[in-house]
1. Report, by residue number, each residue of region 77-88 that is out of contact with any helix residue (DSSP H, G or I) (no Cβ under 8 Å at 6 or more places or on another chain) and either at positive phi or surrounded by 16 or more Cβ atoms within 10 Å (Cβ to Cβ) (or both).
2. Quick one: is residue 151 of a type in the set (A, V, I, L, M, F, W, C), outside any strand (DSSP E or B) and surrounded by 15 or more Cβ atoms within 10 Å (Cβ to Cβ)?
3. I'm told residue 122 meets every condition in (1) modelled with pLDDT of 95 or more; (2) in the same structural domain as residue 48 (by TED's automatic domain parsing) except one. Can you identify the failing condition by its number?
4. Quick check on my filter: what residues within region 28-60 are under 13 Å from residue 93 (Cα atoms) and among the small types (Gly, Ala, Ser)?
5. Of the conditions (1) of a type outside the set (S, T, N, Q); (2) free of Cβ contacts under 8 Å to residues at least 40 places away in the same chain; (3) over 28 Å from residue 141 (Cβ atoms), residue 37 fails just one. Which one is it?
6. Is there any pair with a first residue in region 48-76 that is buried (at least 16 other Cβ atoms within 10 Å of the Cβ) and among the charged types (D, E, K, R) and a second that is at pLDDT below 85 and not in a loop (DSSP other than H, G, I, E, B) whose Cβ atoms are under 6 Å apart and which are 6 or more apart or on different chains, and what are they?
7. Cβ contacts < 9 Å: first residue within 12 Å of residue 128 (Cα to Cα) and free of Cβ contacts under 8 Å to residues at least 40 places away in the same chain, restricted to region 160-179; second residue among the charged types (D, E, K, R) and surrounded by 12 or more Cβ atoms within 10 Å (Cβ to Cβ), any location; separation 6+ or different chain. Result?
8. Which ranges mark the strands (runs of 3 or more DSSP E) fully within region 1-94 that have 1 or more residues being of a type in the set (S, T, N, Q) and farther than 27 Å from residue 133 by Cβ?
Amino acid sequence: MSELLIQANSRPLTTKGVVNQLRRDGNVPGIYYAKGVDPIAIYISERNLKPLVFTSETHIINLKIDEGEERKSILKNIQFDPVTDRVAHFDLQGISADQEIEIEVPVVLEGQAKGVREGGIVQHTIHKLSISCLPGDIPEHISIDITELSLGKSVHVRDLNFDKVKFLHKDDQIIVSVVMPRAVVEPTPAEVVPGEEKLEPEVITKGKQTEEEEE
């Protein structure tokens, strides 16, 4: 498990206008919380936060708030702006070496399934798995070798075997499978009776026209 040092700054719990100004300045507001500790409002530069968000690995974060001591934590929640898709808010959870935590870990597929050579396609259903374990046992990712996965076969949660890790999913939940691609069915032309004119269907529109339609 790799660790990253992240510098953060404390901030007051302020109005929406101040938070928006932080975002305009290239920062992302967030909250740090831990058992037995009052939540701390913080912000991190968007540039420094990206390695934690846009990655296929899980990291332990050594969080340094202002000039204080480093606090080990994990990225627990992330929110994105629905318009720009930029990171809008985050939660960091403080962790202790002797206390189990729940965390999502990315799933990485390895190899090329032989079912693809049989005409199938790989259907990756779960991209992140929720697990419970001690911080020191958190895997960077869950690696699944799909080389021998044939057409019509699947890998379920029950098929995984990782020491010291408990999966928080139903055993029969499918993670990845090889399936036949859906066939494209061509529409059948309507028969035209000799002597009859083929009529075009009437198009009836409902509601207000869009600006493009009005123009």
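The values are calculated or read from the model by the stated rules, or taken from the named source; none is laboratory data. These numbers come from a predicted model, not from an experiment. Cβ coordinates were reconstructed from backbone atoms using ideal geometry, including for glycine residues, and neighbour counts include every protein chain displayed.
1. Of everything in region 77-88, just one residue is out of contact with any helix residue (DSSP H, G or I) (no Cβ under 8 Å at 6 or more places or on another chain) and either at positive phi or surrounded by 16 or more Cβ atoms within 10 Å (Cβ to Cβ) (or both), namely 85.
2. yes
3. (2)
4. 30, 34, 36, 41
5. Residue 37 satisfies all of (1) of a type outside the set (S, T, N, Q); (2) free of Cβ contacts under 8 Å to residues at least 40 places away in the same chain; (3) over 28 Å from residue 141 (Cβ atoms) except (2).
6. Going by the 6 Å Cβ cut-off, there are no qualifying pairs.
7. 167/158
8. Details: elements: 3-10, 27-34, 37-45, 60-65, 70-80, 87-94.
In region 1-94, the matching strands (runs of 3 or more DSSP E) lie at 3-10, 27-34, 37-45.
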